1. Heavy-atom accessible area of B:K13 with all protein chains present, probe 1.4 Å, nearest 10 Å²?
2. Given N residues in the stretch B:356-446, what is its alpha carbon radius of gyration divided by 2.2 N^0.38 Å?
3. What is the projected area of the convex hull of the Cα atoms of the stretch B:68-210, averaged over all directions, in nm²?
4. Loop only by DSSP, 15 or fewer other Cβ within 10 Å of the Cβ. Give me the GluC sites (Glu not before Pro) in the stretch B:306-373 that pass, ordered by residue number.
5. Suppose R0 equals 51 Å; then what is the FRET efficiency for A:A25 and A:V104 from their Cβ-Cβ distance, rounded to the nearest 0.05?
6. Translational D (Stokes-Einstein, µm²/s) of chain A at 25 °C and 0.890 mPa s when Rh comes from the Kirkwood sum over C-alpha pairs?
7. Give B:K306/B:K419; A:K150/B:K22; A:K152/A:K375; A:K192/A:K378; B:K56/B:K125 a once-over and call out the pairs whose C-alpha atoms are over 30 Å from each other.
8. Quote the FRET efficiency, to the nearest 0.05, computed for A:R447 versus A:I475 with a Förster distance R0 of 25 Å and r equal to the Cβ-Cβ distance.
Amino acid sequence: MANNLGLAVKPVTETPEAEVRRVAAWINTEEYKEKNFARTALTINPAHACQPLGAELAAHGFEGTLPFVHGSQGCASYYRSTLNRHFREPAPAVSDAMTEDGAVFGGQSNLHEGLENAYALYKPKMIAVFTSCMPEIIGDDLTAFIRNAKQKELIPKEFPVPYANTPSFNGSHVHGYDAMLVSILQTLTEGKQVEGRCTGKLNLIAGFDANTGNYREYKRILEAFGIPFTLLGDISDVFDSPNDGVYRPYPGGTRLDDAADSINGKATVALGTYSTSKTFAWIRDNFAGKHAALPMPFGIAKTDALLMQISELFGKPVPESLKAERGRAVDLMTDAHQYMHGKKFALYGDPDYLLGYVSFLLEMGARPHHILCSKGSKKLEKELNALLAASPYGQGGTVYINKDLWHLRSLVMTDPVDAVIGDTHGKFLARDAKIPLFRFGFPVFDRVNLHRVPLIGYQGVLNIVSTICNQFIDIVDETCEERHFEMMR
Amino acid sequence: MSKEITKVEGITKESTQQMIDKVLESYPEKGRKKRAPHLAPNDQASGCACVKSNKKTVPGVMSARGCAYAGAKGVVWGPIRDMVHVSHGPVGCGWYSWGTRRNLMSGINGVTNFAMQFTSDFQEKDVVYGGDKKLSVLLREAKELFPLAKGISVLSECPVGLIGDDINAVAKASAAELDLPIIPCNCEGFRGVSQSLGHHISNDTIRDYIIETREFPEPVGPYDIALIGEYNIGGDAWSTKPLLEECGFNVKSVWTGDGEMEKIAATHQVKLNVIHCYRSMNYMCKVMEEKYGIPWIELNFFGPSKIRESLRKLAELFDDSIKEKVEAVIAKYDAQMQAVIDEYRPRLEGKKVMLYVGGLRPRHTINAYEDLGMICVGSGYEFAHSDDYDRTAPEMPDATVVYDDASELELEQFAHVLKPDLVASGIKEKYLFQKMAIPFRQMHSWDYSGPYHGYLGFPIFARDIDMAINSPTWNLVQAPF
């Protein structure tokens, strides 16, 4: 039985040290980079997850909502543990644990049993169902299955069960987020549109954003404006809940009534045009009021754009407190610009985050040099290139779409930069290149509390500038010759 | 080595059964029927399983289980450092399992170790037209970019099996073409009921494709052993392997923590297999016993009592020179271990711990807590079989609760009743219990600490348990207002 591959039996050998050294040097070369970029089938260290993870994040953002994975049990465990590790918070979610027989007979009985148990055990106000690979491949019909579950009275007829198809073999977590969010809104708002009713509220959608600080920041900005609002998919309390000795499975989220009434809102703003595109398109066609889709507000210009949009939609001037905040942000940028000016950066992550990072770096006079999205589109490439083209600091920057972090490693080794911006997964390439990694993305597994520090808005400018500039100053202190070790920097 | 019957004050078979019945009340009838056989009070004297195990997870119940792929990639194949492990299928499974099990590796990343994520990143067209062609191109690319890789494993994810791709044929053709071991592992996540089947499937592929394909150049010695079921979590193997070497053994290969493909392939030449994680690798010990006549022994490297007992058990199988060395090693470390116990035991005496983990830990660690004066009041496994529970019964105090594939709700309810001073479980349970102001340690990953195995590990384990239970932060949970 041994040696089923027909290969010759060989002695155990050690790879010679010289050969190890040769290859270790070779993987940093231009020659290697070319081979690396010639890959067509192998993906190494991608910077994106699969759709259902995003769907789960969207579901967590609603009051009393239990995310429910229709598919294999293992998938649910993977999504949950990823969210646990990033937020260092519980992420209750269930699966209907499909196995081989599910693959043969379809997943209806699993789904039905699962809904009945989950409803009884975890007492949710809503169960948000989304798929992993298996039911997508065998073609399970969620619409029919859920209708049948209600007919069989396994769950009450009026109980909201939004569902989304989130196949892992296309798109990424940002698409799954979008798919689940639109389904939740469709489900909750059904029949809730009232002719002539206007809540007077702004509906704000943050997009796929795993930074609880950002959500709190949006709320603070809207409170400063004095505008009534509904933040849709609000994970701020869900993934940043207090420890008072009581475990609450659903410690926050957008109230379901508010979400239902969002269809009668005065206006809706969706942030992150890539992770909210389906949702926004549906809202535009179905919601009352005015609508706008804007990029995530990283840096001054994009925050200005958001504030002006809100101001216009509600006929209210930008409040003095935010004007002062803007002034302080600009002040700290001018104070600190020397530490970032001309510094080259490699960036990777989700489309909406990348657009934000690039815009902000250009405002600081820094150079976004290698910009990489491992699941992007031509549209994103064009948009990023347009951003670069519009600034002298964007010259020389290159956009790489559908490349991975092993490509990025080749880029930073052959064409060095001063720092990397991305998620935890980039720590290996940053270490090899001996440069800092600024963890402004998702997931962050290896630092504490970063998801609690807002990156958007003027407050975000303060946090990003402080983090980056102080790290650069630390590097000077840690690496300079003794005679250049000075009191002031 | 049977222990005396141990009791915990306030816990009787009746009180435990009452607690179980109360939890079961929350379930709908069908769910209750399915869950009931998985919860029971321990019967320490019987020495056999009191619960049913290795059954399908009940749909809609918040289980902590993983899947066959997770067992294959995360546990068995993933830790082999000098091979490229391809997660064949959509991007997610590989991404989620990337670097999250803490099986540390020597070597240079991308040169001689490959603790990276390799995937075929299946797209819709691969599902429609099949991914075999892509796989053969991918294997060529991997060989070209990573010339020092000693082999490639292909770990299939759900869609691969569902669409009927023949990765075995691709692996065979590519292995010949590239003159490289390429191992197909049909470990799709939908197979079986938990990660346990993934261990078994992986073991079968090691049997079929790896073992006996290499030979050690030096002659076989009387003390040549292999360390099986040691995954180097937080550097565990870097504690256990030197310990065995100090006792006079030549540890020829480690399965699979910081593992090397060729040494694993030559394991058929050792004299004895020493197994730590029985659940994940007992199949392979049995195969090697039948096929090559290699005996095997189960050991436990958690805490000084079990280490001492284990080393003596091991020495019994060898000659006087080993016995002398083992006694010398025990004597040398006993003093150090006593110092650790003297330091921590006063702060931990009588504290109660609830365990819920996978593999071997729900039973293997019980005595390590007891070394520190603690009491185990509940234990259970995510993916055990009844032979694991047989081995658990004598280790756990009588009448304490045993839970198989526990749901989050069950664990939470048990904790309300048992009021443990520590819960030792996984990442999915960690923050729930911490919100309940119950100290917690992650026992899959040592909570980013470690090693916990061997004499090097025990001081770290003791420090961490003390740190968790006696952290002043717990005193802040109740606000004074």
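The values are calculated or read from the model by the stated rules, or taken from the named source; none is laboratory data. No experiment lies behind these values; they were computed from the predicted model shown. Virtual Cβ from ideal backbone geometry, glycine too; neighbours counted across all protein chains shown. Accessible surface areas use protein heavy atoms only, side chains included; no ligands, DNA or RNA. Shrake-Rupley method; radii C 1.70, N 1.55, O 1.52, S 1.80 Å.
1. Approximately 80 Å² of B:K13 is accessible to the 1.4 Å probe.
2. 0.99
3. Values: hull surface 30.2 nm².
In nm², the orientation-averaged hull projection of the stretch B:68-210 is 7.5.
4. Working: sites: B:E309, B:E316, B:E324, B:E327, B:E343, B:E349, B:E370; in loops: B:E316, B:E349.
Sites meeting the loop and neighbour criteria: B:E316, B:E349.
5. Computed FRET efficiency for A:A25 and A:V104: 0.45.
6. 101
7. A:K152/A:K375; A:K192/A:K378; B:K56/B:K125
8. Details: r = 17 Å, r/R0 = 0.69.
According to the calculation, E is roughly 0.90.
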